[in-house]
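Before any comments, here is the structure.
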Amino acid sequence: MKLFRMFLIPLLAAGSCLASDLTGNWVAENPSPDGTVRKTYFELKQEESRITGHIRLTQFYYTITESTGGPDGFTVTASMQDGKNPRQVVYEGKLIGEELHMATRRRPDAALTELVAHRAPAGEGAMPERIAPPALHKVPYNGLANTPPMGWNSWNKFAGRVDDATVRSIADAMATNGMKEAGYTYINIDDTWEGERDAQGNIQPNKKFPDMKALADYVHGKGLKLGIYSSPGPHTCAGYEGSYAHEEQDARTYATWGIDYLKYDWCDARNFYSDDDMQAIYQKMGDALNASGRKIVYSLCQYGRADVWKWAPQVSGNLWRTTGDIRDAWESMSHIVEQQVDLAPYAGPGHWNDPDMLEIGNSHMTDTEYRTHMSLWSMLAAPLIAGNDLRDMTKEIHDILTNREVIAIDQDPLGKPATRISKSGDHEIWARPLSGDAYAVALYNRGTSDAKMTLKWSDIGLKKAPAKARDLWTHSDVRPGKDDYSVEVPGHGVALLRLSAK
């Protein structure tokens, strides 16, 4: 079935001087406003009515599995395996003179994308040679992140729209709206800042970021720190320049700019390495950061694969993702919490489980659900990396993000994440020990209806009622019963308590 009939009809009328063979290496260029150029390569071989070969689109490398037609009108279907998920693309087009005119949809619901490809030299755009992983060794701990990092990241709200002006204004907001005083420190630029490499191989920012060192100086001038993003593959998740074969060089560049935090995202590395290679590949950047001459927090982003929590400290990882990407939805957030149940033993000062960034304030959950989000991330001793627009927050969202009593749970110096101590249907109780012989307890209602929940002191190992119990969202002391404490918890809500002996 023709997917792009309306696209092909004009091509049929455009001319009849058609080449007889599609065989060759073709490249389509798509310039972006940020000054980078996306290139799609089509390595094609035509044998009568059959077309074989590969399609390379930045981090994606597809093999053609089905085809029909020839130069005067063809369809190719190409597939690849992305972890556990298969990916597929379909292109239709035809050859007009020396140009290959095509159309595709990245997703069934996406707009039609039209492109024109020209012949390229043989081998251009081929996948780089695989660099063998290094032998494993322990990378010395960098001494950072004694408590979970707190800050902001650009991706959840801005994605590819982030630029220098946005980062500066977010830093201005954090420095003046109470977040800095509450403990937030890092302003982290996620994907799409990268430009090309210069003649010496040094990574350059694209047009959105005219002077990265000047930006770092500006952020530092606010008493804050600047973070950046890369990948161990040739390309990042968004298809920009990664650090493959340039780890030491990029780490030195980050140090020169004054970068304080690196998020390192697996993505394109999957085309060269298996999950069994992850530790060695992340070790390369851990070594490079340690040799850069600057203390840089190291954030491993590889979606909780390969039991990362068991080896991340060995590569000097300060935090590591334990799940896939979060979405601003109750189902996503609550599912991620379930995935943390067995991970508490692996985290502690300097090394933290990371259930992904906060979605608080991005408008697709209720304030009650956002309070649950903040409460559970704090109970888990997770990094608190805000992902909303700090320049335009409601009072309710501001108060959630800056609740110092809740933040104190997250930042407790003992560094012991919560464990789930009971579960009855949709009702769960999580507890974590705190410094000073105190406890934090979350009574978590996953159900949609309000419910009375009861905490028994014996459930958390207490032989008698605590001397003091405080509700951290109402900011009020509550009266503990002799044997237990009961409270009405809203649907999708949480009651968060701090218990102490005095």
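The values are calculated or read from the model by the stated rules, or taken from the named source; none is laboratory data. Keep in mind it's a predicted model, so treat the numbers as computed, not measured. Quick reminder, even Gly has a Cβ in these numbers, built from the backbone with ideal geometry, and neighbours come from all protein chains shown.
Looking at Gly304, Gly293, Gly348, Gly324, which is the one that is closer than 21 Å to Pro413 by Cα and either surrounded by fewer than 24 Cβ atoms within 10 Å (Cβ to Cβ) or out of contact with any Asp or Glu (no Cβ under 7 Å at 6 or more places or on another chain) (or both)?
Checking each option against the conditions leaves just Gly348.
Name the residue, out of Pro417, Pro413, Pro480, Pro433, that is in a loop (DSSP other than H, G, I, E, B), surrounded by 15 or more Cβ atoms within 10 Å (Cβ to Cβ), modelled with pLDDT of 95 or more and not polar (S, T, N, Q).
Answer to the check: Pro417.
Within region 36-104, considering only strands (runs of 3 or more DSSP E) that don't extend past its boundaries, which have at least 3 residues that are over 13 Å from Leu22 (Cα atoms)?
Result: 37-47, 50-57, 60-70, 73-82, 85-96.
Exactly one condition in (1) surrounded by fewer than 23 Cβ atoms within 10 Å (Cβ to Cβ); (2) over 20 Å from Pro345 (Cα atoms); (3) without any contact (Cβ under 8 Å) to a residue 60 or more places away in the chain is not met by Ile259; state its number.
So the condition that Ile259 fails would be (1).
Residues in region 163-170: is at least one part of a helix (DSSP H, G or I), polar (S, T, N, Q), farther than 29 Å from Met285 by Cα and assigned by TED's automatic domain parsing to the domain that holds Leu384?
Yes, the conditions are met somewhere in region 163-170.
Residues that are under 17 Å from the mean Cα position of the chain (by Cα): which strands (runs of 3 or more DSSP E) entirely in region 196-283 hold 1 or more of them?
Per the criteria, 225-230, 261-265.
Select from region 437-447 the residues that are surrounded by fewer than 18 Cβ atoms within 10 Å (Cβ to Cβ) and either within 17 Å of Lys423 (Cβ to Cβ) or touching a helix residue (DSSP H, G or I) at 6+ places or on another chain (Cβ under 6 Å) (or both) and list them in ascending order.
Within region 437-447, Gly447 is the sole residue that qualifies.
Would you mind telling me which numbered condition in (1) surrounded by fewer than 20 Cβ atoms within 10 Å (Cβ to Cβ); (2) not in a strand (DSSP E or B) Lys423 fails?
Against the list (1) surrounded by fewer than 20 Cβ atoms within 10 Å (Cβ to Cβ); (2) not in a strand (DSSP E or B), Lys423 comes up short only on (2).
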